[in-house]
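For reference, the structure discussed in these notes is given below.
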Amino acid sequence: MKLRVLGCSGAIAKDCRTTSFLVDSAVLIDAGTGVGDLTLEEMRGIDHVFLTHSHLDHIAALPLMVDAIASQRRSPICIHALSGTIAALKAHVFNNVIWPDFSRIPSQAAPFISFHEIAIGQVVQVGGTSVEAMPAVHTVPACGYAVSAGGPCWVFTGDTERNPAFWKRLETMDVAMLVIETAFSNREQDLARRSLHLSPMALADELGHLAPQRKLPIYITHTKPSETVLIMAEIEEFDRNASAAGQPGHDIRWLEAGQEFEI
């Protein structure tokens, strides 16, 4: 399974793209501004979009992508999401005010997009790829995803704060790579808590759920561009202090747009 990071920033700025991942060539996880770097041919090849939640930085490019390529496709683009996310898209995006309702265009019988509700814990098979909706704790209905092509999983938390159910499920999974959000620095930890995001201090608590002998490549995503350097320094500090205290360290790295992984 090939995974391409189209965007992984918590906001826009030069060279910063918001969350989107392309799995092989046909599955998109979230549809942030990183989708805009795909060619028309690459966008035409996307059959399935899995959304973590309805916030703009995770869906911004979806209506524009559909508009760019839908008429060149022979089948609808399948949009998979929690029921609350789909309700938000119908009410606030594809509503014939902000954007055309492509679930009824060019006709209700043959639309450009189709919506498919998923639930936490549900596994969706798309070709040779399985996608499981993972628990998340956010200000709107939200989930993460575990994606596998028959081997170990690539796991993405989505936007979340402290999330015991996620770690309980992770205990039983064969994980090749974990992508976890840390949106704010410790100086903004109160804002992080109110907006249900992680700060490095909260991340340290969350990583405490991993068994000491379990070593996973952990990639940090969704950092605010103005705080990325500080966030990574704070993460490195808590991991260094843990190691100095005789606790197991972690393999923590910063995720960057343009990276590609074979899983």
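Give the residue list of trypsin sites (Lys or Arg not before Pro) in segment 1-88 that are DSSP loop and have at most 13 other beta-carbon atoms within 10 angstrom.
On the way: sites: Lys2, Arg4, Lys14, Arg17, Arg44, Arg73, Arg74; in loops: Lys14, Arg17, Arg73, Arg74.
When the trypsin sites (Lys or Arg not before Pro) of segment 1-88 are filtered for loop state and at most 13 Cβ neighbours within 10 Å, Lys14, Arg74 remain.
Going 7 Å from the Cα of Thr139 toward and past its Cβ, which residues in segment 213-243 have a backbone nitrogen under 15 Å from where you end up?
Within reach of a label on Thr139: 224.
Would you mind checking which residues have amide H under 5 Å from Asp101's amide H? H placed 1.01 Å from N; only 5 or more apart, or other chain.
When sequence neighbours closer than 5 places are left aside, the close amide H contacts are Asn96.
Can you spot the lysines whose alpha carbon is less than 28 Å from Lys2's alpha carbon? Ignore those fewer than 8 places along the same chain.
Lys14, Lys168, Lys215, Lys224
Can you give me the Cα centroid spacing of segment 167-234 and segment 74-148 in angstrom?
Cα centres, segment 167-234 to segment 74-148: 26 Å.
Suppose the chain between Ser71 and Glu262 were pulled fully straight at 0.36 nm per residue; how much longer would it get relative to their current alpha carbon spacing?
Computed gain between Ser71 and Glu262 is 65.6 nm.
Counting C-alpha atoms alone, how compact is the chain: give Rg to one decimal and Dmax as a whole number, in angstrom.
18.2, 64
Whose amide H sits under 5 Å from the amide H of Val126, counting only residues 5 or more places off or on another chain, with H placed in the peptide plane?
Val131
Which percentage, to the nearest 5, of the DSSP beta bridges contained in segment 2-262 is antiparallel?
In segment 2-262, approximately 50 percent of DSSP beta bridges are antiparallel ones.
How many nm is it between the label spots at Gln122 and Ala211, if each spot is 7 Å from the Cα in line with the beta carbon?
In this crude spin-label approximation the distance works out to 3.1 nm.
Using the Karplus curve 6.51 cos²θ - 1.76 cosθ + 1.60 with θ = phi - 60°, what ³J(HN,Hα) values do you get for each residue of segment 84-100, in whole Hz, with x for Gly and Pro?
Along segment 84-100, the couplings run x, 5, 5, 4, 5, 4, 5, 6, 10, 10, 8, 10, 6, 10, 6, 7, x Hz.
What is the helix-to-structure angle for 228-244, meaning the angle in degrees between its Cα long axis and the longest Cα principal axis of the chain, kept from 0 to 90 and rounded to the nearest 10?
40
Over the C-alpha atoms of segment 106-224, what are the Rg and the largest Cα-to-Cα span, Dmax, in Å?
16.1, 55
Is the shape of segment 29-131 rounded, prolate or oblate, going by the alpha carbon gyration tensor and its root eigenvalues a ≥ b ≥ c, with a/c under 1.5 for rounded and a/b larger than b/c for prolate? Could you put the intermediate results ahead of the total?
Details: a/c = 1.25, a/b = 1.10, b/c = 1.13.
Verdict is rounded for segment 29-131.
Can you give me the long-range amide H partners of Tyr219? Hydrogens built in the peptide plane at 1.01 Å from N, cutoff under 5 Å, separation of 5 or more residues or another chain.
Residues meeting the criterion, in which the H sits 1.01 Å from N, are Leu178, Val179, Ile180, Arg253.
What are the ³J(HN,Hα) values, in whole Hz, obtained from phi via the Karplus relation 6.51 cos²θ - 1.76 cosθ + 1.60 with θ = phi - 60°, for each residue of segment 57-67 in sequence order, with x given for Gly and Pro?
Karplus values, whole Hz, x for Gly and Pro: 5, 10, 10, 3, 8, 4, x, 6, 5, 4, 4.
Any read-out appearing in this document is the output of simple, stated calculations on the displayed coordinates, not a laboratory observation. Because the structure is predicted, anything quoted here is derived from the model rather than measured. When we count neighbours, we look across all protein chains shown, and the Cβ atoms used for this are built from the backbone with ideal geometry, even at glycine.
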